[in-house]
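Everything below concerns the one structure shown next.
The values are calculated or read from the model by the stated rules, or taken from the named source; none is laboratory data. Quantities reported herein were computed from a predicted structural model and do not represent experimental measurements. Cβ coordinates were reconstructed from backbone atoms using ideal geometry, including for glycine residues, and neighbour counts include every protein chain displayed. Accessible surface areas use protein heavy atoms only, side chains included; no ligands, DNA or RNA. Shrake-Rupley method; radii C 1.70, N 1.55, O 1.52, S 1.80 Å.
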Amino acid sequence: MTRTNSLATRLFLTATAWVVVILVVTAFVLSSVYRGATERAFDRRLNLYLRTLVAEVASPPEPGEQQSPSLGEPLFELPLSGWYWEIAPTDGEKTEIRASRSLWDKKLPKLEDQGAELTTSGVRLGYVDGPEGQHLRMVERPVDLGADGKFRISVAGDATEITEETRAFDYYLGGTFAALSIVLALTTLFQVRFGLVPLKRLSQAISDIRSGQAERLEGTYPVELAPLAREMNALLDANRAIVERARTHVGNLAHAIKTPLSVIVNEAGAVRANGNTDDPLAEKVLEQADVMRDQVTHHLERARIAARVTIIGTVTDVTPALEALCRTMEKIHRNCDIDLKADARAKFRGEKQDLEEMVGNLVDNACKWAEHHVTIAVEVERVGAGDPSPKLRIVVDDDGRGLSDDERARVARRGQRLDETKPGSGLGLSIVVDLAALYGGSLTLGQAPIGGLRAELVLPGV
């Protein structure tokens, strides 16, 4: 989940981003709705006080009655409490302003002067700055009592109630949505991981095919992946069919070329058998026929190996194969002691026959030139933990005379031999180089610690 090119990471980040955006937008909407509802409830309270004052003004008190209306709210009696009412004449005939005791000697501002428009119910609503810089929510209504005069009746309340209620709601809303975001993110993570399980299973199945543990994609896959699995199996079948046809064509070509070549060699040999031992043409034909046979064998073998390399899923256990090879080489080279040290986990991503051919050529060459001792070391190398492409390193050392840098370069070329007294065609190391290259590996020649030649073969492992 840490890689930016991960499909799971993209799905998780995209889903999480949308969840956060949706929750933030929803939080703003809910906060606005709640603030509006709080304001409307506050306005209903102010309008209730306003209607009470209008009723008081519309019903003048009898002589001797209380002049100051009572709204049943103690806050209107406390000085500068934030709750105020005011009745001010507007017709110019009367100048006496009646106000709540809480207003003290202050006056309320006019919403009309601030540009507030009358609502359909005939009142003005808005926020104003009251005494001592208090933030007030105020309702104002003009009243025309005819002969009794015109008045402006105002009621204001402390707007911090609205702010505090909204802030408390935002606090709980934020906490709830934060917890919800975490839950949704974890749910999204679970859904992504659960949803991508079939892809992981498909990847593991392909890895099993590549490592030789399976030949086809088996099992049931979701409808989105089932066509991919079918096409992959069809591709594997087509690959095997192509390889099989290539093997057949190589075999046919080998027979087609070797038969006439054998006829040529037999005819030239017959000429020599008839007493013409000095016939230059027969000598040249036999000489070139030997060269042609080596070349044909080399290139047909290379074509055969190339066809085999394309097969997916072939894996060879290295240790058993090399142990059998060492026993064979010790029987052929009785004066040579071969010491094998191999990692039991070593596996070659290729066919056993090819491994035996490459290592066999190296060991055979080492035994030919060694004094008494040949060592074989097999190691598995990984670049890092979980490296999907480990390397198999096979090192063959002998205690012979060794080779110079120039000689090592020459023997790696096809057919280049430094000593014609040793048996062989001179193609051994060249075949190893070609086979290793076909598998994506390499052969390096160097100086062995025990004094002779070191051949280091690197091949794909498992």
Across the stretch 349-360, in residue order, what do the Karplus-derived ³J(HN,Hα) couplings come to in whole Hz, using 6.51 cos²θ - 1.76 cosθ + 1.60 with θ = phi - 60° and x for Gly and Pro? 7, x, 7, 4, 4, 5, 4, 5, 5, 5, 5, x
With each label point set 7 Å from Cα along the Cα-Cβ vector, what nm distance links residue 410 and residue 6? 5.7 nm
Rule-of-thumb Rg ratio for the stretch 169-237 [Cα; 2.2 N^0.38 Å; N residues]: 1.81
Heavy-atom accessible area ranking, 1.4 Å probe, most first, across 333, 373: 373, 333
Taking R0 as 35 Å and r as the Cβ-Cβ distance between residue 237 and residue 259, the FRET efficiency 1/(1 + (r/R0)^6), rounded to the nearest 0.05, comes to 0.55
Can you list the GluC sites (Glu not before Pro) in the stretch 66-165 that are in a DSSP coil and have 13 or fewer other beta carbons within 10 angstrom? 93, 96, 117
Coordinate range along principal axes, alpha carbons of the stretch 119-241, Å, largest first: 112, 30, 19
Vicinal HN-Hα couplings computed from phi for the stretch 225-241 (Karplus, 6.51 cos²θ - 1.76 cosθ + 1.60; Hz; Gly/Pro x): 9, 4, x, 5, 5, 5, 5, 5, 5, 5, 5, 5, 4, 5, 5, 5, 5
Amide H neighbours of residue 373 under 5 Å, counting only residues 5+ apart in sequence or on other chains, H built in-plane at 1.01 Å? 337, 399
For residue 80, other-chain or 5+-apart residues with amide H closer than 5 Å (H placed, Pro excluded) are 103, 104
The extension gain from residue 179 to residue 135, computed as 0.36 nm times the residue separation minus the Cα-Cα distance, is 12.5 nm
Cα-Cα longer than 23 Å, checked against 200/352; 341/391; 258/331, kept in input order, equals 200/352; 258/331
Work out, in µm²/s and without decimals, the Stokes-Einstein translational diffusion coefficient of the stretch 121-187 at 10 °C, 1.306 mPa s, Rh from Kirkwood over C-alpha pairs. 103 µm²/s
Explain nothing, just compute: Karplus ³J(HN,Hα) = 6.51 cos²θ - 1.76 cosθ + 1.60, θ = phi - 60°, for every residue of the stretch 107-123 in order, whole Hz, x for Gly and Pro. 10, 7, x, 9, 5, 5, 5, 8, x, 5, 8, 5, 7, 5, 8, x, 10
How big is the accessible area of residue 442 in square angstrom, nearest 10, if you roll a 1.4 angstrom probe over the protein chains? 50 Å²
Enumerate the aspartates and glutamates that residue 368 could reach by cross-link, defined here as Cα to Cα under 14 Å, with residues fewer than 8 away along the same chain left out. 330, 337, 397, 398, 399, 419, 420
Under-5 Å amide H pairs with residue 342, H placed in peptide plane, nonlocal only: 378
Once the in-chain neighbours fewer than 8 apart are removed, the lysines whose Cα is under 26 Å from residue 110 read 94, 150
For residue 172 and residue 148 in one chain, what is 0.36 nm times their gap in residues minus the Cα-Cα distance, to one decimal in nm? 3.5 nm
